[in-house]
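The values are calculated or read from the model by the stated rules, or taken from the named source; none is laboratory data. Small disclaimer: the values here were computed from a predicted structure and weren't measured. No Cβ is skipped: glycine too gets one built from the backbone with ideal geometry, and neighbour counts run over all protein chains shown. Each accessible area value is taken on the protein alone, full model and side chains, heavy atoms only, with ligands, DNA and RNA left out. Shrake-Rupley method; radii C 1.70, N 1.55, O 1.52, S 1.80 Å.
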Amino acid sequence: MPELPEVEVTRLSFADRIAGARITAVRVGKPLRWPLGCKPEALVGRQVLRVRRRGKYLLVDLDEGLLLWHLGMSGSLRFSDDRSPPQMHDHFDLDTTHGLLRLNDPRRFGAVVYAPSEQSAEAVKLLGHLGVEPLNGGFELEAFQQGLRKRKTAIKQVLLGGALVVGVGNIYASEALFLAGIRPATRADRISRPRAAKLRLATIDVLARAVKKGGSTLRDFSNADGQQGYFQLEAHVYDRAGEPCRVCGTTIRRIQQGQRSTYFCPTCQKP
């Protein structure tokens, strides 16, 4: 699933090029996770102002309203001058004077939703529950620690939940916990302030490095230019069960948490 780094990498790959474009046509293919929320032809003629990100959503601001894009489990975007006919898994086209933005999503868990404004019910339903952004300076230790104290579930699950901080997906939660030296099954309310501080910094570091590396390509992720990511090649623990820890040599272990695979070093990471 594309997580925060992959979504941010996608945004960076086309945001500047589509800014200022006029929408000339909209094509909706097979139904996605949620309906568009307006007639496709109602978007024609509107101007794209900018592209932002909130959590794992891309927000395409228009001169009237905005489009919220979610890549789901397997979605990806392409932005180019290629206007060839859509293929089997191409489910949404936003044609503009600057190029064609196309959503490809084999599993169709992604979505494109129109909202009159970011304060409208349509947008609040999708964005209103999200925690703080980890990379914009708003991820503060005090609020993070207070949030951890209220949660008795495993810290890995808290990170994945997104209520305290958004975008820390499975890969990045495992990596951040390794850098912070915390076992994934440790209860969140038992994490001390010094350890919470380490985890906060580790989360920011992992996500920022992942963005610089173009995200992680485990199966088919690529940005809007078709370029793959390389962060997974430098992972300390993720998907390395049975291999030696890059720091201490101990065998990396794998456990299941909430139907997700979790990887950790039993020596470097303490309960």
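Overview of values
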| quantity | calculated |
| --- | --- |
| Per residue accessible area of region 4-127, 1.4 Å probe, in Å² | 45 Å² |
| Percent of alpha-carbon pairs separated by more than 23 Å within region 141-264 | 30 percent |
| Violating pairs (Cα-Cα greater than 32 angstrom) within the set 212/270; 30/156; 39/150; 39/212; 125/270 | 30/156; 39/150; 39/212; 125/270 |
| Within the accessible area of region 72-182 (1.4 Å probe), percent carbon and sulfur | 53 percent |
| Using θ = phi - 60° and Karplus 6.51 cos²θ - 1.76 cosθ + 1.60, couplings along region 117-125 (whole Hz; Gly, Pro as x) | 7, 6, 8, 6, 4, 4, 6, 4, 4 |
| Tail beyond 20 Å, pair distance distribution of region 108-198 (Cα, percent) | 40 percent |
| Part-to-part distance (alpha-carbon centres) for region 88-148 and region 27-53, which is given in Å | 13 Å |
| Degrees, to the nearest 10: 193-212 long Cα axis against longest axis of the chain | 40 degrees |
| Local electrostatic count at residue 265 - Lys and Arg +1, Asp and Glu -1, tallied over other residues with Cβ under 12 Å | +4 |
| Volume per residue of the C-alpha convex hull in the chain, rounded to whole Å³ | 124 Å³ |
| Sites residue 50 and residue 260 - FRET efficiency at Förster radius 30 Å, r taken between beta-carbons, to 0.05 | 0.35 |
| Highest to lowest packing among 12-18, 153-159, scored as the average C-beta count within 10 Å | 153-159, 12-18 |
| C-alpha long axis of helix 4-18 to longest principal axis of the chain, angle in ° | 30 degrees |
| Accessible area per residue, Å², region 141-264 with all protein chains present, probe 1.4 Å | 47 Å² |
| Amide N proximity, region 104-128 versus residue 136 label position 7 Å along Cα-to-Cβ, cut-off under 20 Å | 113-128 |
| Relative contact order [Cα under 8 Å, 6+ residues apart], the chain, whole percent | 18 percent |
| MRE, 222 nm, helices only [DSSP H, n ≥ 4, -39500 (n - 2.57), over the chain, to nearest 500] | -8000 deg cm²/dmol |
| Helix axis angle, 170-180 relative to the chain longest principal axis, alpha carbon, degrees | 40 degrees |
| Mean separation of Cα contacts under 8 Å, 6 or more apart, over the residue count of region 4-127: relative contact order % | 29 percent |
| Local net charge near residue 59, Cβ-Cβ under 10 Å (Lys/Arg +1, Asp/Glu -1) | +3 |
| Share of alpha-carbon pairs per 10 Å distance bin for region 1-148, given as whole % | 11, 41, 35, 10, 3, 0 |
